[in-house]
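**Q** Please see the structure below; I have some questions.
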Amino acid sequence: MGISIRWKLATAYFLLIIFILGLTGLFILHTLEREYLRVREAAYLAHANIIATAGRDALLYPNRNTYYLIRDFGSRVGARVLVLDRQGKVIIDSLGEGWLEGLVLGHEEVLAALAGSGKTGAHVLGSGERVLYAAVPVLQDKVIVGAVMLVAELDDIYAALGAIRRQMFFVSLVSGFLAALLSLWLAGLLTRPIKGLTGAAQQMAQGRLEQRVPVRGKDELGQLAGAFNDMSSKLAEVDRTRRRFLADASHELKSPLSSIKALAQALLDTDEQNPTVYREFLVDIDTEADRLTRIVENMLQLTRLEEELPVTLEIQDIGRLVDNVVTMIQPRAENGGVTLRVDLTPGLWWPVNRDLFTRILINLLDNALRHTPAGGKITLEGSAGKEEMILRVTDTGEGIPPRYLPRIFDRFYRVDQARARSTGGTGLGLSIVRQAVNRHGGRITAASSLGKGTSFEITFPRTVPCRRTSGDDSAHVPSGVNNL
Ligand SMILES: Nc1ncnc2c1ncn2[C@@H]1O[C@H](COP(=O)(O)OP(=O)(O)O)[C@@H](O)[C@H]1O
Ligand SMILES: [Mg+2]
C-alpha cells in the first residue's frame, strides 16, 4: 500500500498552513518596516529642520556655544548631528570626533540638501549597522549656506521586527502542527469507511458475495456504503437464483434421462422377440426425448430473453397475430371440448415484438387448455386505451389454490408437480411469458378462483423503455385476488 490518504492530507495541510502564514508574515513584516521607517524619517526630517536654525548660527558665527547647542540637540533626539558648509564639508560633528571634521561628504542626502530639498534614506553601514540619514538645507535669506545632517540608529526598529518575526515563525509552526493533527483525525474519519469498503470488496472478490458495511450518515461516503450494500445483496441474490436454476434444471433433465436409460436397459435385457413390444418401448423413449427437447428449448428461450439485448418493437396488427395463434390452437380446443372465444377491439394495432407476443399468447392459451376440462370456456380479450393495451386470457378451468398463486411465475414451478410433468409441462412457460412481458415494459397479473377458473391480465404500455425494466416487480401478483 502506498502512503495513506491520512498522511498525504496531513502533510498537505501542514505545508499549506506554513506557506500561508509565512507569506502573511512576510507581508506584515514588510509593511511594519516601511511604516516604522516612514514615521522615523518624518520625525528626523522635522528634527533636522529645527536644528537647521541653530546650524545657520553655527555656520555664520562659529563658536563653542553653537557647538554645545548642536551637541545638546543631538543627544536629545538621539542622533549624531553634522553641520556642513555649502561645499558639503563637515564643520561641526555633535559627537566631536575630530577625524570627520573637514571631510567633504558626498552622500545623496547631502547633495539633495545642498541643492535645496530635504532628503532621508536608510543605509546599512560596513559594520552591518543600520542607520537613517536625514539632511536639510540651511538657508540665509533664501540662499543655501550649508546643510544639517542627522545620523540616527535604526537598530531598535530592526530588533522589534526581529522579535515579531520569531513569534510569527513560532505561531506558524504550532498552527501547522495543529492543522496536521486535525487533518490526521479528519482523514481518519474519512478513510475508516473506505477501509471497510475495501475489505468488504476484497471479501466479495473471494466469492463471499453477501457483505454489509455500516452506513454512516447521508454524505457521499454514506451513499457509497448504501450503494455497495445494495450491490452486494443483488449479486448474492443473482448468485442464489443462478444456483437454484442450475439445480432445478439438472433435476428436471434427470428424470426423462433416467426414464430413457431405464427403458433402453429393459430393452437390452429382455429376451422378447416381438417387435410390437420393442415399438412400445421406443415410443416411450421417443416421448421422453421430446420432453428433454422441450425443457432444453424452454431453457434456451428463457436464457435468451434474460440477456440485455434490446428487443425491436413494431406496430403490429394485433387481430392478425391473435388469429394466427388461434387457428393453430383451435383444433386442440375442439378435441378437448372447450370453447375458444376471441373478443378483440376491431382495428387494434400496438407496438409489440411479433415473436415474443406470439409466444406469450401460445403459452397462456396452452396453459388454459391444459387446465380446463371438457365443456369449459376460454376467452381472449384485448382492448387499448391511449397509454396501454390490455390483454386478458380467462378460462373456466380448475383454478389455482391462492397460496400457490404467487409462485406460478417461478422457474420450473408447477402446482401439481407429478401430474404436470406427466402432461408434458416444463414449468418454464409462465417464466418465459413474464420475461417477454418485461421486455415490452409491461406487467402481468394472475387471478384465480379454485374450481372456477383463472385469468391472466397483461398490460402493454405505449411508450416502451429500451432496456428491460428491472426484474420481478413487473410480474406482480396481487395476493388473495379471487375476482372470478
Ligand atoms: N390457466 C391455468 N389454470 C390453472 N393452473 C395454471 C394455469 N396456468 C398455469 N397454471 C399453473 O401454473 C403452473 C406453471 O405454469 P407454466 O409455467 O406454464 O408451466 P407448465 O405449463 O409447463 O406446467 C402450471 O404447472 C399450473 O400448475
Ligand atoms: Mg405452460
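The values are calculated or read from the model by the stated rules, or taken from the named source; none is laboratory data. Every value quoted in this text rests on a predicted model; they were computed, and no experiment measured them. Note that we place each Cβ from the backbone using ideal geometry, even for glycine, and neighbour counts take in every protein chain shown.
**Q** Spot the failing condition for Gly116; the list is (1) on the phi > 0 side of the Ramachandran plot; (2) part of a strand (DSSP E or B), and only one is missed.
**A** (2)
**Q** Since Val393 meets every condition but one in (1) in contact (Cβ under 8 Å) with a residue 40 or more places away in the chain; (2) surrounded by fewer than 20 Cβ atoms within 10 Å (Cβ to Cβ); (3) under 52 Å from the mean Cα position of the chain (by Cα), which condition does it not meet?
**A** Just one mismatch for Val393, condition (2).
**Q** Which one is surrounded by the fewest Cβ atoms within 10 Å (Cβ to Cβ) among residues in region 64-96 that are of a type in the set (S, T, N, Q) and in a helix (DSSP H, G or I)?
**A** Looking at the filtered set, the residue picked out is Asn65.
**Q** A follow-up question, please. For region 254-271, check the following and say yes or no: at least one residue is within 57 Å of the chain's Cα centre (by Cα), at pLDDT below 90 and β-branched (Val, Ile, Thr).
**A** no
**Q** Restricting attention to region 259-270, does a residue exist that is hydroxyl-bearing (Ser, Thr, Tyr), in a loop (DSSP other than H, G, I, E, B) and touching a helix residue (DSSP H, G or I) at 6+ places or on another chain (Cβ under 8 Å)?
**A** Yes, that holds for at least one residue.
**Q** In region 136-183, which residues are in contact with a Ser or Thr (Cβ under 8 Å, 6 or more places away or on another chain) and under 29 Å from Ala113 (Cβ atoms)?
**A** Hit for region 136-183 is Pro137, nothing else.
**Q** While we're here: Is it true that Tyr133 is surrounded by 13 or more Cβ atoms within 10 Å (Cβ to Cβ), of a type in the set (Ser, Thr, Tyr) and under 60 Å from the mean Cα position of the chain (by Cα)?
**A** no
**Q** Moving to a separate point now. Looking at (1) buried (at least 18 other Cβ atoms within 10 Å of the Cβ); (2) within 16 Å of ligand 2 (Cβ to nearest atom); (3) within 25 Å of Ser448 (Cβ to Cβ), find the lone condition where Met299 falls short.
**A** (3)
**Q** Still on this structure: Quick one: which residue in Met231, Met299 is in a helix (DSSP H, G or I) and farther than 28 Å from Gln202 by Cβ?
**A** Matching residue, one of Met231, Met299: Met299.
**Q** Before we move on, is Thr445 of a type in the set (S, T, N, Q), in a strand (DSSP E or B) and away from ligand 1 (no atom under 12 Å from the Cβ)?
**A** When the stated conditions are applied, Thr445 passes them.
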